Amino acid sequence: MGTIFNMEGPLMQGLTKFADLIILNVITFICCIPIVTAGAAFTALHYVCLKMVRGEECYIVKDYFKSFRANFKQATVIWLILLVALGVFVCDLVVMYVAEIQFPFIVRALVLLLGILVMSVFMFVFPLQSKFENPVKQTIKNAFKASMLQFHKTIVMIAMIFIPPVLILLYGNLIPIVIMTCISVPAYVSALMYNKFFAKIEARFADEEVQDGVDEGEDERIFHDELDVREVKVPFLTVV
């Protein structure tokens, strides 16, 4: 019995992580309420989730708001751009299904493609913003490239967004659990999927810094772990 409830055991470690995800879910939900702050909220969410996936030292609330503050301005701009794109997509869907006009198949296919592209960028743009320093345009461009290179994972990440509402519809007794984890759990699972991809990019830059004669002891983390301001352009097309 003592072994089961050992704080270092798998059961207690799992329960601790589950509790952390609930806290992360609540914080993110609250920070998304003003709507305009959602971009910074999602960025901070992925910042913490990636730390959890990697087993790095992580203080949920402290690290969340550290990333939230550091990325607020740029993440908000990215969020507003995506919000406009999502708005256009939703309006197109409403027009197609409400209007009495029969739209050609090619038009409907293009609208669907627009939606997929916007969602694909959405899946990667905030994780990238949380980890790499780039201008807005470059971050969005890199998110698109990353989502295409990791397209099979992108589809799974998009699908996970719809799992919580489906669970609520099918299993009403799970509503409390689903509500407490509907944001953080999909983000955590997404971090599990893109972690290896990000690690390859980070290793590439670490090697380049060593080759350039940069002392790693002075700045071990060249990305947002230190939340310093430096431009790191990510050549995704060269990463396999």
Between Lys145, Lys141, which is open to solvent by 50 Å² or more (accessible area, probe 1.4 Å), in contact with a Leu (Cβ under 7 Å, 6 or more places away or on another chain) and either farther than 23 Å from Cys182 by Cα or not in a loop (DSSP other than H, G, I, E, B) (or both)? Lys145
Every residue in the stretch 151-188 that is surrounded by 12 or more Cβ atoms within 10 Å (Cβ to Cβ) and in a loop (DSSP other than H, G, I, E, B), please. Cys182, Ile183
Could you check the stretch 1-114 for helices (runs of 4 or more DSSP H) lying wholly inside it with 2 or more residues that are modelled with pLDDT under 95 and exposed (fewer than 14 other Cβ atoms within 10 Å of the Cβ)? 10-32, 60-98
Any residue in the stretch 187-201 that's hydroxyl-bearing (Ser, Thr, Tyr): show its pairings with residues that are open to solvent by 40 Å² or more (accessible area, probe 1.4 Å) and part of a helix (DSSP H, G or I) at Cβ separation under 8 Å, as long as the two are six or more apart or on different chains. Tyr194/Lys153
With the checklist (1) assigned to a helix (DSSP H, G or I); (2) open to solvent by less than 30 Å² (accessible area, probe 1.4 Å); (3) closer than 30 Å to Asp20 by Cα in hand, flag the one item Asn134 doesn't pass. (1)
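The values are calculated or read from the model by the stated rules, or taken from the named source; none is laboratory data. None of these values were measured; they are calculated from a predicted model. Methodologically, a virtual Cβ is constructed for each residue, glycine included, from the backbone with ideal geometry; neighbour enumeration extends over all protein chains shown. The area values use the complete protein model at the heavy-atom level, side chains included, leaving out ligands, DNA and RNA. Shrake-Rupley method; radii C 1.70, N 1.55, O 1.52, S 1.80 Å.
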